[in-house]
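Participant: This is the structure I want to talk about, given as structure tokens.
The values are calculated or read from the model by the stated rules, or taken from the named source; none is laboratory data. These numbers come from a predicted model, not from an experiment. Glycine also receives a Cβ, built like all others from the backbone with ideal geometry; neighbour counts cover every protein chain displayed.
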Amino acid sequence: MKNITVIGAGTMGNGIAHTFAQSGFKVNLVDISQEALDRGLATIAKNLDRMIAKEKITALDREETLGNITSYTQLTDGLKEADLIVEAATENLELKLKIFKDIDQAAPSHCILATNTSSISITQIAAVTTRPEQVIGMHFMNPVPIMKLVEIIRGYSTSDEVTRTIMELSQKLGKTPTEVNDYPGFVANRILMPMINEAIETLYNGVAGVQEIDTVMKLGMAHPMGPLQLADFIGLDVCLSILNVMHDGFKNPKYAPCPLLVNMVMAGKKGVKSGEGFYDYSESRKAEVVSESFK
């Protein structure tokens with residue numbers, strides 16, 4: 001496996017492309033927006049510069065990593081020789097199903113189709129393809145170049161061979177792959193999102209303020225980041241989407257998103273990406289938050 005295609009140049013997509021390219025793979029980064037591609041490539045370059053400053057890589061490593069990435073705005077152009085495609089588009093079921101229908105038709109027959117979805121059913125995604133046994137979940141954590149975990153999610157039809165291949169590939173990236181089964185939220189978000197939602201409920205009910213809630217969890221529970229700051233970092237719209245998927249999938253009211261979260265997303269307060277969430281992010285503060293995540 002040498003040629004990797006990553007679909008989506010946003011936060012997760014550029015991080016996944018960065019990680020594969022730094023490990024020596026040839027990466028095609030695909031996005032319908034040239035502006036998104038330019039932003040994604042600039043983010044990769046900036047994060048590589050941070051790693052040089054921390055003496056984790058050399059300037060030569062930086063140039064080799066960037067040299068391993070080619071960008072495309074046309075989906076079919078980036079798929080021709082792909083051994084693995086990792087979809088990292090917005091967490092939207094209809095969009096993902098359309099992407100998988102398209103890549104199934106265009107990708108080589110041997111190619112494995114992976115999704116970075118954080119909650120949507122792998123089985124449902126695989127069902128729109130002609131190769132469900134070659135469809136699998138690769139749920140990377142943010143920031144991808146730093147975080148070690150990759151949740152490997154088997155769909156109902158995912159083959160043992162494909163699962164083994166992706167587990168071994170993840171180890172080559174320096175990651176720790178953990179195999180889980182295909183249920184809403186998988187493991188990471190099935191546990192994390194109710195905690196974040198409960199933190200928002202705690203704020204909504206006036207039990208404590210934002211900083212007080214985060215301080216309790218950081219100092220009392222040894223969390224590196226409080227749940228409200230983490231929600232801002234993930235994106236409040238993403239948190240809402242994942243909770244809705246779990247609420248719909250399990251029909252259990254404990255997964256129902258807090259009204260405060262719903263209102264904030266409707267008001268455009270999505271966290272770091274929008275400049276405001278539970279915290280107010282000026283440009284300098286935003287840089288601080290991103291920098292903290294790379295320590």
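Participant: Restricted to the range 109-125, and to residues that are in a helix (DSSP H, G or I) and either touching a Phe, Trp or Tyr at 6+ places or on another chain (Cβ under 6 Å) or modelled with pLDDT under 95 (or both), which residue is surrounded by the fewest Cβ atoms within 10 Å (Cβ to Cβ)?
Facilitator: 123
Participant: Pairs needed: first member in the range 29-47, farther than 22 Å from residue 81 by Cα; second member anywhere, of a type in the set (Phe, Trp, Tyr) and at pLDDT below 95; C-beta distance under 8 Å; at least 6 residues apart or different chains.
Facilitator: Pairs that qualify, where the first residue is farther than 22 Å from residue 81 by Cα and the partner is of a type in the set (Phe, Trp, Tyr) and at pLDDT below 95, are 47/294.
Participant: Within the range 227-286, count every residue that is over 17 Å from the mean Cα position of the chain (by Cα) and charged (D, E, K, R).
Facilitator: Of the residues in that region, 9 qualify.
Participant: Let me ask something else about it. Could you say whether any residue in the range 191-202 is of a type outside the set (A, V, I, L, M, F, W, C) and part of a loop (DSSP other than H, G, I, E, B)?
Facilitator: Start the filter on the range 191-202 by keeping residues that are of a type outside the set (A, V, I, L, M, F, W, C), which leaves 194, 197-198, 201-202.
Checking the rest, the ones that are also part of a loop (DSSP other than H, G, I, E, B) come to none.
Among the residues of the range 191-202, not one is of a type outside the set (A, V, I, L, M, F, W, C) and part of a loop (DSSP other than H, G, I, E, B), which makes the answer no.
Participant: Further question: Right, residue 100: aromatic (Phe, Trp, Tyr) and in contact (Cβ under 8 Å) with a residue 60 or more places away in the chain or not?
Facilitator: No; evaluated as a whole, the condition is false for this residue.
Participant: How do the pairs read when you match residues in the range 172-185 that are farther than 21 Å from residue 158 by Cα and surrounded by 18 or more Cβ atoms within 10 Å (Cβ to Cβ) with residues anywhere that are modelled with pLDDT of 95 or more and small (Gly, Ala, Ser), using Cβ under 9 Å and keeping only pairs 6 or more apart or on different chains?
Facilitator: Final answer for the pair search is 173/23.
Participant: What are the residues in the range 7-30 that are within 15 Å of the chain's Cα centre (by Cα), part of a loop (DSSP other than H, G, I, E, B) and not hydrophobic (A, V, I, L, M, F, W, C), if any?
Facilitator: 8, 10 - these are the residues of the range 7-30 that are within 15 Å of the chain's Cα centre (by Cα), part of a loop (DSSP other than H, G, I, E, B) and not hydrophobic (A, V, I, L, M, F, W, C).
Participant: Something else now. Look at residue 278 and say whether it is modelled with pLDDT under 95, among the aromatic types (Phe, Trp, Tyr) and in contact with a helix residue (DSSP H, G or I) (Cβ under 9 Å, 6 or more places away or on another chain).
Facilitator: no
Participant: Take residue 128 and decide whether it is more than 26 Å from residue 47 (Cβ to Cβ), aliphatic (A, V, I, L, M), over 15 Å from the mean Cα position of the chain (by Cα) and buried (at least 17 other Cβ atoms within 10 Å of the Cβ).
Facilitator: When the stated conditions are applied, residue 128 does not pass them.
Results for (1) buried (at least 21 other Cβ atoms within 10 Å of the Cβ); (2) over 20 Å from the mean Cα position of the chain (by Cα), shown as yes or no for each residue.
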{"site": "77", "(1), (2)": "no, yes"}
{"site": "81", "(1), (2)": "no, yes"}
{"site": "88", "(1), (2)": "yes, no"}
{"site": "91", "(1), (2)": "yes, no"}
{"site": "97", "(1), (2)": "no, no"}
{"site": "100", "(1), (2)": "yes, no"}
{"site": "107", "(1), (2)": "yes, yes"}
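Participant: Quick one: count up the residues across the range 131-142 that are surrounded by fewer than 22 Cβ atoms within 10 Å (Cβ to Cβ) and either within 14 Å of residue 173 (Cα to Cα) or without any contact (Cβ under 8 Å) to a residue 24 or more places away in the chain (or both).
Facilitator: Within the range 131-142, residues that are surrounded by fewer than 22 Cβ atoms within 10 Å (Cβ to Cβ) and either within 14 Å of residue 173 (Cα to Cα) or without any contact (Cβ under 8 Å) to a residue 24 or more places away in the chain (or both) number 1.
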